[in-house]
Amino acid sequence: MRKYSVFAVAREAMRAHKGWEAQWTSPEPRSQYDVIIIGGGGHGLGAAYYLAKEHGITNVAVIEKGWLGGGNTGRNTTIIRSNYLYEESMDIYEHSLKLWEGLSQELNYNVMYSPRGVMMLSHNIHDSQVFKRHIHANRLYGIDNEWLTPEQAKDYCPPLDISASARYPINGAALQRRGGTARHDAVAWGYARAASDRGVHVIQNCEVKAIRRGPDGAVTGVETTKGFIGAKKIGVSASGHNSMVLAMADVRLPLQSNPLQALVSEPLKPIFPCVVMSNTVHAYISQSDKGELVIGAGTDQFNSYSQTGGLQIITHTLDAICELFPIFRRVKMMRQWGGITDNTPDRSPIQGVTPVPNLFVNCGWGTGGFKATPGSAHLFAHLIARGEPHRLAAGLTLDRFRTGRLIDEAAAAAVAH
Amino acid sequence: MLLIHCPYCGEDRSELEFRAAGDAHIARPANIAAISDEEFADYFFLRDNPKGLIYERWRHIHGCGRFFNAVRDTVSDKFVMTYKAGEPKPDLSPAPGVAPALPADSRPVETYEATEGRAE
Ligand SMILES: Cc1cc2nc3c(=O)[nH]c(=O)nc-3n(C[C@H](O)[C@H](O)[C@H](O)COP(=O)(O)OP(=O)(O)OC[C@H]3O[C@@H](n4cnc5c(N)ncnc54)[C@H](O)[C@@H]3O)c2cc1C
Ligand SMILES: [Zn+2]
């Protein structure tokens, strides 16, 4: 792999950019791999990269039915933060945030991680109590999170309307300064390039149709649209389709797939300096480096694989955005789309072993797993290589639904997060 | 937005009038104190998540207030049919992942549906 650098840019500028090579190779599948990862999103590609880099397992294939990052990795609003309430969540999201901070250097790929601050608006006494509880829990755990007065919130984000007559008055905000955004596609591409460089096979346009198992019940490989591919171990990381893929091995997990929508505006000059989330009125917004306002909406209330989402959901979100930021009332929206998120009953992920030997699962990241991409991928690689979870992911196992030791971020946030 | 047929009101109404209420035909085990933790977890947390036909409950919350059941395709979101609570599960080709029906004698009574289908 030829390194990207300022010198490479200068060199290519001198020769009409004819020397750039493909970022990753597209080999035909081998007949047998040590590990197959199902799903070429950020989590799956990242896991393959860390398997090669940290565990020396390079006979690995990532199998993707469409194109890399065409799932939720390429459809999300890229909010990154680690100020969750419970220790299990703080462990994994903070691990991930630390990896984000060095990810562009690690991958030699600009993932455009931008710690511009994530501000969560408080609109009533309940919000302020909940956010202060989060702030205290985070700070005791060594994670930054601070309380702002409405005036401080307005200083940090000038477009905000904090007037007393606002439809949704603001009585303060919680700010995580290290939170921010990153370039979604670049995360998938950067991991794919770095993994491919270490010998991982990235196989696109290849759908897994069945999981084969031996007489002892352990996995032996997958049937795909490119034929049978053998594997000693299989890691499933197919987000909204995890239930469907796991059903191929007769594994049922507590997951429900729901469409989640986002939309972007026409590009504007830089006007919006940070990420703002309002859980109570359900809207979140930031501005991309291209200038588009990136706006996230809610999930549909029913199971669906439609990748569209109801119109009333985005209308509701835009109502809220226009009330919070009256200056955006006349901005035109350019595109809208949906992604299928896999949600658990407690809205926390499941990463762990399954009842099927050598079949591992990384699922339930639902509406909030982009921020977790590096951390989750790193710990998933550990799980697959060692056969048992890393200390930081030990609480995320499936067992919690039997023991009742839930990680109830759903109740803690009361919203998609 | 979906148009949903309420079998009690007999009318197609906007999705805004309804609340989705999860899987249909989940019966609370009659001997709930006696079952194992695994069985409880299955009953309480495991739900069907097919890509295809799903059997689910809806509530006409801003209308008659009643619960009813529906069969819907989760890819097109099209409703195949809706039917009243307590009526048997219609015999359509089952979606992948749907558990096979239990033999009649071991089938628990759907008490929840029978009582909740009625707004009184
Ligand atoms: C609109 C929207 C906004 C969001 N906003 C945020 C946010 O602001 N912050 C945040 O942290 N998270 C957010 N999320 C959630 C986040 O996008 C996901 O949790 C995360 O990207 C999941 O990554 P992944 O790699 O696990 O899945 P994906 O990127 O979805 O990758 C899974 C891949 O598996 C493939 N696949 C499925 N079935 C098969 C098969 N049978 N064979 C082969 N391949 C298969 C799919 O094609 C897909 O590419 C949002 C999600 C959406 C939809
Ligand atoms: Zn009705």
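The values are calculated or read from the model by the stated rules, or taken from the named source; none is laboratory data. Predicted model, so just to flag it, every value in this text is computed and none were measured. Note: ideal-geometry Cβ built from the backbone for every residue, glycine included; neighbour counts use all protein chains shown. Ligands, DNA and RNA are stripped out before the accessible areas are found, and what is left, the full protein with its side chains, is counted by its heavy atoms. Shrake-Rupley method; radii C 1.70, N 1.55, O 1.52, S 1.80 Å.
Just to be sure I understand: with springs between alpha-carbon atoms less than 10 Å apart, which residue in A:G179, A:G102, A:G375 has the highest mean-square fluctuation in the Gaussian network model of chain A?
With Cα springs under 10 Å in chain A, the top fluctuation among A:G179, A:G102, A:G375 is at A:G102.
When each pair of different Cα atoms in the protein assembly as shown is counted once in the 1/r mean, what is the Kirkwood radius in angstroms, to one decimal?
24.6 Å
Using a 1.4 angstrom probe on heavy atoms only, work out the carbon and sulfur share of the accessible area of chain A in %.
C and S fraction of accessible area: 53 percent.
With θ taken as phi - 60° and the coefficients 6.51, -1.76 and 1.60, list the Karplus ³J(HN,Hα) couplings across segment A:208-217 in order, rounded to whole Hz; mark glycine and proline as x.
Here the 3J(HN,Hα) series is 6, 9, 7, 10, 9, 10, x, x, 7, x Hz.
Compute a Gaussian network model of chain A, connecting alpha carbons closer than 10 Å, and tell me which residue from A:E12, A:E106, A:E388 fluctuates the most.
Maximum fluctuation in the GNM of chain A, among the listed residues, is at A:E12.
In segment A:240-279, what residues drop by 30 Å² or more of accessible area when the other protein chains are put back, versus the chain on its own? Use 1.4 Å, and skip ligands and nucleic acids.
Relative to the lone chain, where solvent access is computed with a 1.4 Å probe, segment A:240-279 loses at least 30 Å² at A:M244, A:R252, A:P254, A:Q256.
Per residue of B:54-63, how many C-beta atoms from partner chains lie within 10 Å of its own C-beta, taken as a mean?
1
Enumerate the calculated ³J(HN,Hα) couplings along segment A:63-80 in order (Karplus 6.51 cos²θ - 1.76 cosθ + 1.60, θ = phi - 60°), each rounded to whole Hz, writing x wherever the residue is Gly or Pro.
10, 10, 6, x, 10, 4, x, x, x, 6, 4, x, 10, 9, 8, 6, 6, 10
How big is the A/B interface in buried accessible area, both sides summed, 1.4 Å probe, to the nearest 100 Å²? List each step's numbers first, then the result.
Numbers: alone 17730 and 7900 Å², together 23500 Å².
So the buried area, both faces added, is about 2100 Å².
Kindly express, to the nearest 10 degrees and within the range 0 to 90, the angle between helix A:184-197's C-alpha long axis and the longest C-alpha principal axis of chain A.
Once rounded, one gets 30 degrees.
Only Cα pairs within less than 10 Å get springs; with that Gaussian network setup on chain A, which residue of A:V187, A:V202, A:V356 has the largest fluctuation?
Among A:V187, A:V202, A:V356, the largest mean-square fluctuation in the Gaussian network model of chain A belongs to A:V356.
For a quick check: with amide H placed at 1.01 Å from N, whose amide H comes under 5 Å from A:S122's, ignoring anything fewer than 5 positions away on the same chain?
Amide H neighbours of A:S122: A:N171, A:G172, A:A173, A:A174.
Using only atoms on other chains, find how many Cβ atoms lie within 10 Å of each Cβ of peptide B:35-41 and report the average.
So the per-residue partner count for this stretch is 3.
Once you've got the Cα coordinates, tell me which of A:K3/A:K98; A:K290/A:K332; A:K132/A:K371; A:K65/A:K98; A:K332/B:K78; A:K53/A:K232 are over 25 Å apart. Before the final figure, lay out each step's value.
On the way: A:K3/A:K98 23 Å; A:K290/A:K332 15 Å; A:K132/A:K371 22 Å; A:K65/A:K98 31 Å; A:K332/B:K78 30 Å; A:K53/A:K232 19 Å.
Pairs exceeding 25 Å: A:K65/A:K98; A:K332/B:K78.
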